[in-house]
Amino acid sequence: MTDLGYYCMMIAFLFSSYAFLGPYMGLSRKGVMLRSVENAITAVFVLLTVASIALLYALVTRDFQVEYVANHTSRELPLFYTISAFWAGQDGSLLLWAWLLSLFSYIVVLQNRYKNRELMPYVISVLSATELFFLILLIFPSNPFSRLPFVPENGQGMNPLLQNPGMIFHPPTLYLGYVGFTIPFAFAISALITGQLGEGWLKSTRGWIIFSWYMLGIGILLGANWAYQVLGWGGYWAWDPVENASLMPWLTGTAFLHSIMIQEKRGMLKVWNMVLIIVTFLLCIFGTFITRSGIISSVHAFARSSIGYYFIVFIIISGAYSFYLVNKRKGGLSSEKHLDSLLSRESSFLFNNLILVGGAFAVFWGTIFPIVSEAVRGVKITVGPPFFNKIMTPIGFLLLFLTGICPLISWSKATWSNFRRNFLIPTISSILFFIILLVAGINHIKAAISFSLCFFVFITILLEYYRGTRARMQLLGEGVIRAFVNLNLKNRRRYGGYLIHIAMLMIFVGITGSSAFSIEKEVVLKKGESIEINSYRITYSDFKIERKINKFIAQAELIVTNNEKQIGIMKPVKAFYLNQMDQPVSEVFIRMGLKEDLYAILAGYEEFGRTAIFKFLVNPLVLWIWIGGAAMTAGTIIAVWPERKR
Amino acid sequence: MRYCWKYAIALALMLLVYSFNPAVYALTVEEVSEYLMCQCGCNLTVKNCNHTGCPSATPMRAEIKRLIELGKGRDEIIAVFVSRYGETVRAVPTKSGFNITAWALPFLSIIGGGIIISILLKAWVAGGKDKEKAPISQDESEYDRQIEEDLKKID
């Protein structure tokens, strides 16, 4: 079965080569030959599906002669995690990348059977070039089917940190985003090659752009949730290079999502949009490179290898070719550039783009600075969380401010009176809100500014809903609920977008609250002793050691009271996995709440739990980050839901 | 109403000044340990390293506590660790020499981009005065336009 998988990858390589070279050999000019190239894409999808099934089969049947299976599974590993071992290591996750790309390419072929026929040969060529790159990695340095010269009795098992439900969904979701951005990139390059530089390629890929952006965003949030629940240090974001690698394309992708609106509505910013999608694609590849090469020290150290050079070559070649094409077509990309007023939605979107891309650059610069420093000064330094927090806080404030003002300024021309009318209430109310926060005793100025800006944006969005609902009520005689529902249903893209903005506010509120007001205490407790943190009293009541399928767990029992009333029992765990008994893993216990999370870590114990070391944290408002993720999902669904034809 | 803004801003500034508490500020272990990297290879800060009995983070925290009790400030404590482990122990680059580019470049790039955008916008507005207004794309939803028109009527 594993031989079959390897041969499938080899044959897929041949088909991808054919699909890549087809347009350059003049095949595209004949419809029949284009169909042939499209069939090659179908074949690649089928072959890589078989290869993926072969790897899954090897994992599930515990074929330990396959090196990848031996390195990432063991007989004790539950089936759930055995399947997720597919993307737990480098070789498997690269196969996942390649398979997803083949699936997306196949869907693109189906979607464009009867449209975009001029673009399609080159779209297929670009997609196949990317597929070829991953197949080269899979066939040569990173073959998931390579065999050991012997059959081990058992595998090494999975890294305990990866044995968490979050790991089932986080990597594939992130990869859906990374791979998804290849589609608009392929259409953009195809438009550059063919000279069809209008809005056609944007309209054809709008769904893909939103899908990829959403998946990347949700993948980031799932990763943050995994870190919060598994890494056991009480936080969800450590500005780790691998985390940063996923944030960068999301930021540029967000900028792209906004700036294409200007191209769609005004025909402007064509060059900028090309640059943005190229940069976003390159950052997606860069993200995979950072994750897989281990070139920068990371907490994701389970993913190191020497395939970095392949990525560097691919990034340089694709970047150079893409920007060469942009330069070659710059005449065709020029557009009527005129505005009636400095105060317009176009100008506010441009500044929004500047902040988003500036933010991405700040993250990029901080991430690679250790390498730059080593190259220039010969001294390797560390760029840790405090640096990013300091740099990104003002950038975040600016972004919030612009999120508030952008949607309410008219296209092309806005008057100052219109501007004042729209912003008087939000501005005064947010200043009052800021004052109330200070009077209420919040003397963390950055947090007060952040909350006030969130309030400002929220009021602007609320007013937008109010004005729209009122307009429907007065002109169409609808009731308030009907008017509100119809307002959302009749222009899903606009109001779905507003809901996504509200989701971002929730995330900002959660980040601000947990960053500014988190309280932590580390204590040694004997059984029966208590500790007070914030308004909670926590009593260490019991301790036990249990055997589970693939691990031993040491579990403490803590009785939690709040204002003399028992509100629950917390059971933090120290887990000793059979394959890594010397590296116990903390399984934290979190009591989640809208106001705050109570977070308990069993850091250690002595004398079978007679005394135990605990770390407790009170993290305010964290739940709003995850609620924001749910709201982002709802907003995206509303935004992409097809409008009913009128 | 015209002066509301000014009064609100003045009031906010007064409260801002009032809210700053000049009381003596006690340094905590967490406030120092978040600026130092754990040396056990976990790639987390000393504050965040969660290894049970970590051979690096645990003694470093104890040392930080001891130095705070001796009355040392954050920068002095960090300097003690830098002399022991080298530059890599810092979680944040210094704001001197070449490292200043780490801090300055992101903001300089945003300021530079802002200047370029401002110049472009002025040029586009100047161009717009000589030309007819570009039509808004037909792609804009009919309903979107209708709502805008309706809102104008009401306002």
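List of remarks:
- Residue that is most open to solvent (accessible area, probe 1.4 Å), among those in the stretch B:8-51 that are aromatic (Phe, Trp, Tyr) and modelled with pLDDT under 60: B:TYR18
- Within the stretch A:51-63, the set of residues being assigned to a helix (DSSP H, G or I) and more than 28 Å from the chain's Cα centre (by Cα) comprises A:ALA54, A:TYR57, A:ALA58, A:VAL60.
- Pairs, first in a helix (DSSP H, G or I) in the stretch A:71-95, second of a type in the set (Lys, Arg) and buried (at least 22 other Cβ atoms within 10 Å of the Cβ), C-beta under 7 Å, six or more apart: A:GLN90/A:ARG292
- Within the stretch B:81-126, the set of residues being over 27 Å from B:ASN43 (Cα atoms) and not in a helix (DSSP H, G or I) is empty.
- The set of residues in the stretch B:85-104 being more than 7 Å from every other protein chain (Cβ to nearest Cβ), open to solvent by less than 50 Å² (accessible area, probe 1.4 Å) and closer than 18 Å to B:GLN39 by Cβ consists of B:GLY86, B:VAL89.
- Matching residues, the stretch A:256-275, being open to solvent by less than 10 Å² (accessible area, probe 1.4 Å) and either outside any helix (DSSP H, G or I) or away from every other protein chain (no Cβ under 13 Å) (or both): A:PHE256, A:MET268, A:ASN273, A:MET274
- Residues of the stretch A:37-48 that are open to solvent by 40 Å² or more (accessible area, probe 1.4 Å) and either in contact with an Asp or Glu (Cβ under 7 Å, 6 or more places away or on another chain) or polar (S, T, N, Q) (or both): A:ASN39 alone.
- Within the stretch A:345-357, the residues that satisfy the criterion of being more than 8 Å from chain B (Cβ to nearest Cβ) and modelled with pLDDT of 85 or more are A:SER348, A:PHE349, A:ASN352, A:ASN353, A:LEU356.
- Subset of the stretch B:105-124 (residues that are closer than 14 Å to A:PHE351 by Cα, surrounded by 15 or more Cβ atoms within 10 Å (Cβ to Cβ) and modelled with pLDDT of 90 or more): B:SER109, B:ILE110, B:GLY113, B:GLY114, B:ILE117
- Scanning the stretch A:405-431 for residues that are modelled with pLDDT under 90 and small (Gly, Ala, Ser) turns up A:SER410, A:SER412, A:ALA414, A:SER417.
- Criterion applied to A:LYS595, A:LYS615, A:LYS574, A:LYS565 was being without any contact (Cβ under 8 Å) to a residue 24 or more places away in the chain and closer than 28 Å to A:SER518 by Cβ, and the one residue passing it is A:LYS565.
- Just one of the listed residues (A:GLY232, A:GLY294, A:GLY287, A:GLY253) is modelled with pLDDT under 85 and open to solvent by less than 10 Å² (accessible area, probe 1.4 Å), namely A:GLY232.
- Hits in the stretch A:505-541 - residues which are in contact with a Gly (Cβ under 8 Å, 6 or more places away or on another chain) and of a type in the set (Phe, Trp, Tyr): A:PHE508, A:TYR540
- Inter-residue pairs, beta-carbon under 6 Å, first part of a helix (DSSP H, G or I) and in the stretch A:479-500, second at pLDDT below 90 and open to solvent by 40 Å² or more (accessible area, probe 1.4 Å), 6+ apart: A:ARG492/A:TRP641
- Per-region count, the stretch A:361-388, residues part of a helix (DSSP H, G or I), open to solvent by 10 Å² or more (accessible area, probe 1.4 Å) and at the interface with chain B (Cβ under 7 Å from one of its Cβ atoms): 5
- Failed item, numbered, when A:ILE519 is tested on (1) under 23 Å from B:SER33 (Cα atoms); (2) of a type outside the set (S, T, N, Q); (3) in contact with a helix residue (DSSP H, G or I) (Cβ under 9 Å, 6 or more places away or on another chain): (3)
- Just one residue in the set A:LEU202, A:LEU231 is under 27 Å from A:MET274 (Cα atoms) and within 14 Å of chain B (Cβ to nearest Cβ); that residue is A:LEU202.
- Among (1) part of a helix (DSSP H, G or I); (2) polar (S, T, N, Q); (3) open to solvent by less than 10 Å² (accessible area, probe 1.4 Å), the one test that A:THR173 misses: (3)
- When residues of the stretch A:316-344 are limited to those that are of a type in the set (A, V, I, L, M, F, W, C) and in contact with a Leu (Cβ under 6 Å, 6 or more places away or on another chain), the one farthest from the other protein chains (Cβ to nearest Cβ): A:LEU325
- The selection criterion, being farther than 22 Å from A:GLY235 by Cα and either touching a Phe, Trp or Tyr at 6+ places or on another chain (Cβ under 8 Å) or not small (Gly, Ala, Ser) (or both), holds for A:ALA554.
- Residue ID - nearest to A:LEU216 (Cα to Cα), chosen from residues in the stretch A:237-246 that are assigned to a helix (DSSP H, G or I) and in contact with a helix residue (DSSP H, G or I) (Cβ under 6 Å, 6 or more places away or on another chain): A:SER246
- Residue tally, condition under 26 Å from A:PHE433 (Cβ atoms), facing chain B (nearest Cβ under 9 Å) and open to solvent by less than 30 Å² (accessible area, probe 1.4 Å), over the stretch A:459-480: 1
- Condition check for A:LYS574: open to solvent by less than 10 Å² (accessible area, probe 1.4 Å) and basic (Lys, Arg): yes
- Residues (more than 26 Å from the chain's Cα centre (by Cα) and not charged (D, E, K, R)) located in the stretch A:329-371: A:GLY331, A:GLY332, A:LEU333, A:SER334, A:SER335, A:HIS338, A:LEU339, A:SER341, A:LEU342, A:LEU343, A:SER344, A:SER347
- Scan the stretch A:241-254 for residues that are touching a His at 6+ places or on another chain (Cβ under 9 Å) and more than 17 Å from A:SER514 (Cβ to Cβ) and the total you get is 2.
- Residue selected from the stretch A:308-321 under the condition open to solvent by less than 80 Å² (accessible area, probe 1.4 Å) and within 24 Å of the chain's Cα centre (by Cα), by the criterion modelled with the lowest pLDDT: A:GLY308
- Of all residues making up the stretch A:195-231, the number that are touching a His at 6+ places or on another chain (Cβ under 7 Å) and under 23 Å from B:LYS47 (Cα atoms): 2
The values are calculated or read from the model by the stated rules, or taken from the named source; none is laboratory data. Because the structure is predicted, anything quoted here is derived from the model rather than measured. All Cβ positions, even for glycine, are placed from backbone atoms using ideal geometry, and neighbour counts span all protein chains on display. Side chains are part of the model used for accessible areas, which takes the heavy atoms of the whole protein and leaves out ligands, DNA and RNA. Shrake-Rupley method; radii C 1.70, N 1.55, O 1.52, S 1.80 Å.
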